[in-house]
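Since the structure comes first, as structure tokens, the remarks are kept for the end.
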Amino acid sequence: MDKSHPLTNLALEQTIDKILNQTQKDIESSIDSALNDTNQTLDDAIPKLDKEYDKIIADGKKEADKIEKQIIGGADIEARNKQLMALEASVDKVFTKALDQITNNDRSGDYANLIKSLLDESTRILGTSEVIVTANSKDRDVVQSALSGFPGSELSPDTIECIGGVIIKSKDGAMTFDNTLDARIERLKPLIRKDIAAKFGVNN
Amino acid sequence: MTTEGGVQYSKIAEIKGPLVVVDDVESAAFDELVEIETTEGERRLGKVLEVGNGKAIVQVFEGTTGLSISGTKAKFVGKVMEMPVSKEVLGRVFDGLGRPKDGLPDPIADKFVDINGEPMNPEQREYPKDFIQTGVSVIDGLMTLVRGQKLPIFSGSGMSHNLLAAQIARQASVVGKQDDFAVVFAAIGVQYSEAEYFRRSLEESGALKRSVLFLNTADDPAIERIITPRVALTVAEYLAFDLGMHVLVVMTDMTNYAEALREISAAREEVPGRKGYPGYLYTDLSTIYERAGKLNGRKGSVTQVPILSMPSDDITHPIPDLTGYITEGQIVVGRDLFRQGVYPPINILMSLSRLMKDGIGEGSTRDDHSEVSNQVYDAYSRAQEVRALAGIVGKAGLTEIDLKYMDVGDTFEKEFLTQATDENRTIEETLGLMWKIVSKLPKNEITKIKDKHVEKYYKEE
């Protein structure tokens, strides 16, 4: 069997070692470079990530604010509506009670003066005392006696359904003035409601 | 509020369109409120348009359908039309005449105010100069709305102006101040579905709490539309000048208002002006638009955003034409952008806010706002020219800088102009987007911005 020269083996081994060393160095250098690149990429990504993070937080905060507004706004409106309904029910109760009292009021004394002033106001607005006056059945006597102060006026045989007061019509039928207590209360209702609400502590 | 009752007259001489002529009327006043009672006892409201020679012409808000000469009665109430106002109106929904439409009782009034308002003394007016953030980039960035301004939106039929109106109503705010802000929204002759959208939109966003809605739908009598903007403005003035709030009034659609005015004018046999509208259309519109502003020594303000749809998209039509004379700029909604699916489809080259310059900059928005806005306008204008050129010579025939401008145009439309209907952008975000557009241009193309701002905000891509 032919044996190789010992020097040849040595040279081969040296070459292999050299290649191995070189390769190791290359690999180590590549690893170092890759590590550096990776670190660089990571460093570069941090501001972007921070920006993204801030954006997500800001968007989340915006969304949370929106939802908060929706919930609080809805709840406020609901609570306010309930308060309004409760207030209105109380105002209505006061109205009903007041109307009952007026309806059942005694027709003597001041009431005759009230009728007279209603007739005064009505004839002044119509511009004539040549009128036909209509009242409810309860007030007919009071009205009849008050009419003596209004020449040309007469009491209609018809009666109306109301809590008090008069409706006055010109004799040609062209003009009518409703001066019943019902009409007056209806006219003043917004102001009366405000006063009643103020008594309940509702302050505008 | 007068406490004396009115006389009822039973001699009706004529019923013509929305008008009723009452005979033998001894005392009636111009603009006096009239209660019309039908033979069935139904009551309708109207107002005196003309009075003289024992006759009064009454305009019936709820229409004259079903009225007959015999049996109809007209009660002259002895006062002009008034709106009960108080802080309690916030969060409420009313019809076009100011009656509750939300199933709740009438508001307990603090006072009763004539809906025709009192003209603002020009001497007392304060120049508007405070920014209102709408959260819509194109408005905040390029046609900024200022407190006390009247800035109309010119749109066309079928376009997305109502979405924009609702978005502005939901999002508008005064930035950085603790002042109270309110929105008064007047829908004039809108479809039922649109009215419901406005109501729902404000309810669901929680913005109803600080809003007052007046809804006059298309099936309501046209004549009511004459009243709707006036009751809305009456409430706005009360909130602004009595309660010190900053109030944004959105009115849509003013074209329906003008058409109602034309209907009455025709019924009164007046000599028609352009397109049949009355000759006093300008004067009449000014009585609405001029109710915006700020007053010396008063805390609040009334800002108006009237919306009108231009018939056939014609900007020379009398309604946008006359509106443009009175208001301080305009926001034009563009058909082309709308067709491309862009929202909000605002054509910035035709739009302008005349008071913007006084409401932006350091202390209001940001010191670079004016300059970056000019640069964006300029760049988009150039992009449009380049697009037109590309249509002729093709993209291959364009220079490198032309292509950059095309890119700027696309980015402007896709990232800045386009916005979700529920997206509320802050002014900082808007300015950031504007700089993103500007940064697509090389530095030597930026000619309208000071170097210090370029150094600070320009980020080359």
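Would you tell me the mean number of C-beta atoms belonging to other protein chains that fall within 10 Å of each C-beta in A:63-74, as a whole number?
Taking all residues of A:63-74 together, the mean is 3.
Mind checking the log10 I(q)/I(0) for the stretch A:106-200 at q = 0.16, 0.20 Å⁻¹? Debye, one equal scatterer per Cα, no solvent, two decimals.
The Debye formula, applied to the Cα set alone, gives -0.64, -0.92.
Using the Cβ atoms and a cut-off under 9 Å, what net charge is assigned to the surroundings of residue B:35, where Lys and Arg are +1 and Asp and Glu are -1? Write down the numbers at each step before the final one.
Values: positive: B:43, B:44, B:73, B:75; negative: B:37.
With Lys, Arg at +1 and Asp, Glu at -1, the neighbours total +3.
Could you please state, rounded to a whole Å, how far the C-alpha centre of the stretch A:176-193 is from the C-alpha centre of the stretch B:108-172?
Between the Cα centre of the stretch A:176-193 and that of the stretch B:108-172, the gap is 38 Å.
To the nearest whole number, what is the average tally of beta carbon atoms from other chains within 10 Å of the beta carbons of peptide A:77-84?
Numbers: counts 9, 0, 0, 6, 5, 0, 1, 10.
Mean shielding count: 4.
Treating cross-link reach as a plain straight distance, find the lysines whose alpha-carbon is under 27 Å from the alpha-carbon of residue A:18, omitting any fewer than eight places away in the same chain.
Result set, ordered by chain and number: A:3.
Could you check how many percent of all C-alpha pairs in chain B are farther apart than 39 Å?
Details: 29314 of 106030 pairs.
Across chain B, Cα pairs with separations above 39 Å total 28 percent.
Starting from the amide H of residue B:246, placed 1.01 Å from N in the peptide plane, find each other amide H under 5 Å away whose residue is 5 or more places distant or on another chain.
Here B:180, B:181, B:182, B:301 satisfy the definition.
At most 16 other Cβ atoms within 10 Å and a DSSP loop assignment: could you name the GluC sites (Glu not before Pro) in the stretch B:222-269 that fit?
Values: sites: B:224, B:237, B:259, B:263, B:269; in loops: B:269.
Of the GluC sites (Glu not before Pro), the ones in loops of the stretch B:222-269 whose Cβ has at most 16 other Cβ atoms within 10 Å are B:269.
Considering only lysines 8 or more places apart in sequence, or on different chains, count the pairs in the stretch B:1-126 whose C-alpha atoms sit under 28 Å apart.
Close lysine pairs under the 28 Å cut-off: 29.
Could you list the square roots of 5 times each eigenvalue of the Cα gyration tensor of the stretch B:242-295, that is, the equivalent ellipsoid semi-axes, sorted largest first and rounded to whole Å? Could you put the intermediate results ahead of the total?
Numbers: eigenvalues 166, 26, 15 Å².
Computed over the stretch B:242-295, the values are 29, 11, 9 Å.
Using Cα centres only, tell me the gap between the stretch B:332-384 and the stretch A:147-170 in whole Å.
Computed from Cα coordinates, the inter-centre distance equals 71 Å.
Over the Cα atoms of the protein assembly as shown, what is the Rg over Rh ratio if Rh follows Kirkwood?
Values: Rg = 35.8 Å, Rh = 29.7 Å.
Looking at the protein assembly as shown, the ratio lands at 1.21.
Considering the alpha-carbon set of the stretch B:83-358 alone, what are its Rg and its Dmax in angstrom?
17.4, 53
Checking a compactness column here: for the stretch A:7-104, what do you get for Rg(Cα) / (2.2 N^0.38 Å), N being the number of residues? Write out the running numbers ahead of the final one.
Numbers: Rg = 41.1 Å, N = 98, 2.2 N^0.38 = 12.6 Å.
Relative to the rule-of-thumb radius for its length, the stretch A:7-104 sits at 3.27.
Among the trypsin sites (Lys or Arg not before Pro) in the stretch B:273-355, which ones are in a DSSP loop with at most 15 other Cβ atoms within 10 Å of the Cβ? Mind listing them? Could you put the intermediate results ahead of the total?
Values: sites: B:274, B:275, B:291, B:294, B:298, B:299, B:335, B:339, B:354; in loops: B:291, B:298, B:299, B:354.
Passing sites in the stretch B:273-355 are B:298, B:299, B:354.
Considering lysine pairs in the stretch A:106-200 that are 8 or more places apart or on different chains, how many have Cα atoms under 28 Å apart?
Lysine pair count for the stretch A:106-200: 9.
Hey, what's the per residue convex hull volume over the C-alpha atoms of the stretch B:7-80, in cubic angstrom?
So the per-residue Cα hull volume is 70 Å³.
Run the reach check for residue B:357 against lysines, Cα to Cα strictly under 21 Å, same-chain hits fewer than 8 apart removed. What comes back?
Residue B:357 reaches B:129, B:150, B:177, B:294, B:448, B:450, B:452.
Quick check: the distance between the Cα centres of the stretch A:84-116 and the stretch B:19-64, to the nearest angstrom?
Value for the Cα centre distance between the two parts: 32 Å.
Could you name the aspartates and glutamates whose alpha carbon sits less than 17 Å from that of residue B:404, not counting residues in the same chain fewer than 8 places away?
Of all the aspartates and glutamates, those that pass the test against residue B:404 - Cα under 17 Å, at least 8 places apart if same chain - are B:378, B:385, B:413, B:415, B:445, B:460, B:461.
Report the GluC sites (Glu not before Pro) located in the stretch A:107-204 that are in a DSSP loop and have at most 10 other Cβ atoms inside 10 Å of their Cβ, or state none. Don't skip to the end; give the middle numbers.
Values: sites: A:121, A:130, A:154, A:161, A:186; in loops: A:130, A:161.
Counting only loop positions with at most 10 other Cβ atoms within 10 Å, the GluC sites (Glu not before Pro) in the stretch A:107-204 are A:161.
Across the residues of A:28-35, average count of Cβ atoms on other protein chains within 10 Å?
Shielding by partners across A:28-35 averages 0.
FYI, it's all coordinate maths here, none of it is from the lab. Since the model is a prediction, treat every value here as computed from it, not as a measurement. Glycine gets a Cβ as well: all are built from the backbone with ideal geometry, and neighbour counts include every protein chain shown.
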